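Asks: This is the structure I want to talk about, given as C-alpha cells.
The values are calculated or read from the model by the stated rules, or taken from the named source; none is laboratory data. Since we're looking at a predicted model, the values are computed, not measured. Heads up, the Cβs are rebuilt from the backbone with ideal geometry, glycines too, and the neighbour counts pull from every protein chain shown.
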Amino acid sequence: MSGKPSYMLMLQIEHGDKVPLPFKQENLSNDSIVATIDEQNDILYLWFGKNCTDVLKRSAMRTAQSIKKSGFAYGQLHIGHDLKDIKVVDESNLKDPEIKNNHTELTSIFKRKFTAKDKYVMEIGAKPQVAPVRQPVEQEVYTEPEPERQIIVPKPVSARKPAPLPEEVSPEPVVQQAPVSREEITSAIDPELAGQVKLGLLSVLLTQKFSSVQLKAVLSSTGMPNYEFLSSGSSLCKVALEGSDLVIQPESEFNGRRDEIISLLKNKVSSLNL
C-alpha cells in the first residue's frame, strides 16, 4: 500500500519574509538565502550565498527554526510539518567536509523523479517506512546482596573562626557589564509582537498606495488567523503570521505591484532590524 505523498518546496528568506520560489537549482545564487524543504527525508536545507552578511544569516536561521517547528502553509497544503533537521550549506565555506556533504545532498534533490503540482511545489514518493525495532526479551539477572552498612561516627567539628569585623572586610570589586548590542536587543523582542509590527507596516504601505483598503481576518483549519487586504472589493494580498514571520501567500499580486510593495516592506523591516 502506498503511503501519503511528500513534497519539496523552495522559499526565499529575507528579514523574516518567506516567499515561494520556482523549484530550480538556479535560484541558489551568490546573493540569496534559500530554504529548501525535503519532506521525504524530513530535512530543511538552508542555503547561504557567499555575498550574504552574518546579520542576514543569523536572522534567516531564526526563520528556518520557525519553519522546522511549524512548517509552511501553501494553499490547502501544510508542507514540512514534521521536519527533523536543518542542514546549512554556506557557499563561502564549501571546503568544510560537513558543508560540502550537505551541498551534495541539496543539489541531488533536483535530480530526483518528481511531479510538479505547479512551478513551486514538487510531489515525490512517500517517506520510506522504518521497520519497528523489536525489544529484547528480558532475562533474569542475578544481583549480589548488598553488604551490611557500617555505622560511622562523625569526628567532632572544630569551631569556626569568627567572622572579620566590618572594617576588615575588603570591598567587592565593581563588575562593569558589557554593552548590549542592537542585535541582542532585537532578539529579545517577543516574536509575536515582531510579526504584528510587520503586519502593521504592510497595512500602512497599502493605505499609502491604494484607496479604501480593508483588512479581513479568517481563521485557518489550524485555528490561526489568516489576513486578507481588500481594495474596492478586490483582493490585494493574503498573509499569515507565524511567530515573528509575516508569510505572504503566492497568490498575492498586490494589484500588479507585488515587487514594489514587497521591496518597500523589506526596507522598512530592515531599518527596524526586526
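Asks: Mind listing whichever residues of region 235-274 are touching a His at 6+ places or on another chain (Cβ under 9 Å) and among the small types (G, A, S)?
Replies: S270
Asks: Still on this model: Only one residue in S252, S235, S221 is assigned to a loop (DSSP other than H, G, I, E, B) and either modelled with pLDDT of 85 or more or surrounded by 17 or more Cβ atoms within 10 Å (Cβ to Cβ) (or both), so which one is that?
Replies: The unique qualifying residue is S252.
Asks: In region 1-53, which strands (runs of 3 or more DSSP E) lie fully inside it and hold 2 or more residues that are of a type outside the set (A, V, I, L, M, F, W, C)?
Replies: On the way: elements: 6-14, 17-21, 33-38, 43-48.
So the answer is 6-14, 17-21, 33-38.
Asks: Can you find a residue that is in a strand (DSSP E or B), outside the structural domain of L77 (by TED's automatic domain parsing) and modelled with pLDDT of 65 or more anywhere in region 199-214?
Replies: The answer is yes; a qualifying residue exists.
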